[in-house]
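Trainee: The structure's right below; bear with me while I get my questions together.
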Amino acid sequence: QVQLVESGGGLVQTGGSLRLSCAASGRTFSSYDMGWFRQAPGKEREFVAHIERSGVGTMYAPSVNGRFTVFRDNAKNMVFLQMNSLKPEDTAVYYCAAAWVGGSTNPRNYGYWGQGTQVTVSS
């Protein structure tokens, strides 16, 4: 079992940057693919980024590709989301999650979730 706690959200202006962190408990963190998702008010939760358990393979939603970077430190049980060139449409609660099924962008294939961190991008 994995427990996840996100941090690093906040208010930033358009074009700014934030780095989200996700701290995981449990000795099996390195055996999970990890994902970042986001949910804006009135919208469904959507995929943002995915990283394989090794940290080598990554995937991104088209809307964030080239602006966001996901990486992890298995020695520290941490996964990160570096967000650059932020836009107002990036405003959402961001969640990290641990996957039951590798290589998935479907939130139903993620079994463990953090509580979320709010990111607000002002125009």
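The values are calculated or read from the model by the stated rules, or taken from the named source; none is laboratory data. Bear in mind the structure is a predicted one, so any value in this text is a computation, not a measurement. Please note: Cβ atoms are built from the backbone with ideal geometry, for glycine as well, and neighbour counts cover all protein chains shown. Please note that ligands, DNA and RNA were not included when accessible areas were found on the heavy atoms of the full protein model with its side chains. Shrake-Rupley method; radii C 1.70, N 1.55, O 1.52, S 1.80 Å.
Trainee: Can you tell me the accessible area per residue over region 1-114, all protein chains present, probe 1.4 angstrom, in square angstrom? Please report the intermediate quantities before stating the final value.
Mentor: Working: 5760 Å² over 114 residues.
Counting only protein heavy atoms, the per-residue value for region 1-114 is 51 Å².
Trainee: Rg and Dmax of region 20-61, using alpha carbons, in Å: what are they?
Mentor: Both quantities, over Cα of region 20-61: 12.1, 36 Å.
Trainee: Comparing 75, 49, 40, which has the greatest mean-square fluctuation in the GNM of the chain with Cα pairs linked when under 10 Å apart?
Mentor: For the chain, modelled as a Gaussian network with Cα springs under 10 Å, the answer is 75.
Trainee: Give the average over all directions of the projected area of the C-alpha convex hull of the chain, one decimal, in nm².
Mentor: Average projection, Cα convex hull of the chain: 6.7 nm².
Trainee: Still on this structure, please answer the following. Of the accessible area of region 14-58, with the probe set at 1.4 angstrom, what percent is carbon plus sulfur?
Mentor: The computed percentage sits at 46.
Trainee: In region 20-123, which GluC sites (Glu not before Pro) fall in coil by DSSP and have 10 or fewer other Cβ atoms within 10 Å?
Mentor: 44
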